Ligand SMILES: [Zn+2]
Ligand SMILES: [Zn+2]
């Protein structure tokens with residue numbers, strides 16, 4: 001790939017600011033939305049792309065006004081229905097469409113190119129044209145679609161969610177009526193991975209719990225880093241009981257949410273855990289993470305994980321490949337062995353929504369779920385204002401993996417979380 005690659009988190013922030021500025025300035029658009037890889041929750045995107053709708057006669061004035069938004073440093077020469085500006089945070093492209101054509105334009109500009117190519121060929125075989133010109137509404141009106149649903153319907157298909165539009169079998173599945181009923185944000189009843197200022201989180205436990213209440217969650221787990229984790233600050237073993245007292249007091253003060261006292265314990269080089277069993281047993285839920293494995297061989301990494309997965313006190317393996325989108329592809333692992341062990345032992349594996357993780361990614365999550373592994377979707381949030389958006393990224397990533405609601409542990413209630421933990425702890 002050429003050009004700068006932009007992380008999902010950064011792309012989202014840039015797009016949100018530009019949309020807010022455009023709406024505030026009133027630049028003459030009926031609608032303005034994010035499209036491209038950002039709308040598909042791609043972990044990194046080549047560019048931030050927006051789609052606006054205005055009458056064709058107004059396109060030139062819209063482009064002029066867009067180029068004057070506060071974040072814009074300079075604009076490249078405008079093309080007929082799109083223009084790219086350099087902002088203080090990177091390039092942003094605005095595509096323009098006309099009223100009545102939003103659905104076709106949304107599908108076109110959301111991509112992926114593989115998905116759109118499939119649709120174009122399909123349209124052609126039906127005697128319809130789905131091209132850049134039709135999307136602008138300047139030629140054949142036959143695919144004039146106000147909604148994406150209408151466009152897919154004209155092509156004889158049910159609606160395909162943006163996160164699935166990756167050219168990975170979604171059109172064939174749609175044809176056969178086999179599209180999954182994807183998990184959605186509304187299905188998420190709590191967050192099982194958050195940090196407080198007992199480790200490297202920015203905010204106090206009470207603030208994180210308050211943010212979870214604001215999101216309407218039924219439960220939230222506070223899961224700070226264990227003592228020897230390579231984080232800027234960690235939870236000392238001697239402080240665990242103090243943290244528990246703080247959480248107990250909060251349970252009385254905030255009775256409308258279940259607060260789980262959890263931990264993100266590090267997996268040591270021999271596969272043992274950073275805290276001993278007596279201490280781990282005191283937590284309501286235990287997440288295990290392997291943060292220090294770069295450079296380790298595949299067999300060794302796999303063995304370290306397997307030992308943790310088989311530990312009766314480990315409930316969730318977090319960000320399993322430890323990848324950094326756009327920078328590190330993740331550990332080399334025998335994923336099939338990990339999935340088999342996780343499914344057999346009742347250990348969940350995480351889709352982590354922090355933009356620096358987005359791990360498991362869609363492809364890996366899809367394989368895990370197919371192997372019978374229970375999926376957890378978490379924010380791995382370190383500051384209150386990110387709790388909602390990082391869960392949104394996590395859900396989007398899971399949807400890229402065709403994950404359905406029933407495959408996700410935290411679409412269940414607090415009782416189901418506790419039962420999941422107890423099943424593994426109970427002697428076999
Ligand atoms: Zn971690
Ligand atoms: Zn974490």
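None of the figures in this text is laboratory data; all of them are computed from the coordinates on show. None of these values were measured; they are calculated from a predicted model. Reconstructed Cβ throughout: ideal geometry from the backbone, glycine too, with neighbour counts over all protein chains shown.
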#### Entry: Reciprocal mean inverse distance between Cα atoms of segment 5-50 - Kirkwood radius, Å
10.8
### Query
Bin by bin, in steps of 5 Å, what percent of the Cα pairs in segment 127-284 do you find, going until the bin that has the longest distance?
2, 8, 13, 13, 10, 8, 7, 7, 8, 8, 7, 5, 3, 1, 0
## Note on the structure
Computed over segment 102-175, the relative contact order (Cα-Cα under 8 Å, seq sep at least six) in percent reads 37
### Query
For residue 55 and residue 200, FRET efficiency with R0 = 56 Å and r from the beta-carbon atoms, rounded to 0.05?
0.65
### Task
Find the relative contact order for the chain and round it to a whole percent, using C-alpha pairs within less than 8 Å whose residues are 6+ positions apart.
13
### Message
Per-residue counts of other Cβ atoms within 10 Å, averaged by peptide: what ranking do you get for 215-223, 67-75, highest first?
### Response
215-223, 67-75
### Query
Picking from 90, 295, 124, which is most flexible by a Gaussian network model of the chain using Cα springs under 10 Å?
295
## Note on the structure
One computes Rg over Rh for segment 159-233 from alpha-carbon atoms, with the Kirkwood Rh, and obtains 1.21
#### Entry: Quarter of the Cα convex hull surface for segment 224-383, i.e. its orientation-mean projected area (nm²)
9.7
### Query
Considering segment 300-428, what Rg and Dmax in Å follow from its alpha-carbon atoms?
14.0, 43
### Message
Can you tell me how segment 53-211 classifies by the Cα gyration tensor, rounded, prolate or oblate, using a/c under 1.5 as the rounded cut?
### Response
oblate
### Message
Within a 10 angstrom radius of the beta carbon, how do 145, 381 rank from fewest other beta carbons to most?
### Response
145, 381
### Summary
segment 366-428: spread of alpha-carbon positions along the three principal axes, whole Å, largest first, is 40, 28, 17
### Query
Can you pull the semi-axes for segment 92-165, root of five times each eigenvalue of the Cα gyration tensor, sorted largest first, whole Å?
16, 15, 12
### Beta bridge orientation in the chain: antiparallel %, DSSP, nearest 5
40
## Note on the structure
Rounded to 0.05, the calculated FRET efficiency for the beta carbons of residue 172 and residue 334 at R₀ = 30 Å is 0.55
### Query
So, in Å, what gap is there between the alpha-carbon centers of segment 165-195 and segment 371-410?
11
### Message
Pairs of alpha-carbon atoms within less than 8 angstrom and 6+ residues apart define the contacts here; what relative contact order does segment 213-276 have, in percent?
### Response
44
### Query
Which whole-percent values make up P(r) of segment 48-131 when all C-alpha to C-alpha distances are grouped in 5 Å steps starting at zero?
3, 14, 21, 20, 17, 13, 7, 4, 1, 0
### Message
Please list log₁₀ I(q)/I(0) at q = 0.14 Å⁻¹ for segment 133-200, using the Debye equation with identical point scatterers on the alpha-carbon positions.
### Response
-0.63
### Query
Can you give the helix-only mean residue ellipticity at 222 nm for the chain, where every DSSP H stretch with n ≥ 4 adds -39500 (n - 2.57) and the sum goes over all residues, rounded to the nearest 500 deg cm²/dmol?
-10500 deg cm²/dmol
### Query
Counting other C-beta atoms within 10 Å, which of 66, 328 has the fewest, and how do the rest follow?
328, 66
### Task
State, to one decimal in nm², a quarter of the convex hull surface area for the C-alpha atoms of the chain, i.e. the direction-averaged projected area.
21.9
### Summary
Among 225, 252, 357, the residue with the largest mean-square fluctuation in a Gaussian network model of the chain built from Cα contacts under 10 Å is 252
### Summary
Kirkwood calc, segment 6-97, C-alpha pairs only, radius in angstrom 12.9
### Task
Considering only DSSP beta bridges where both residues belong to segment 6-97, give the percentage that are antiparallel (nearest 5).
75
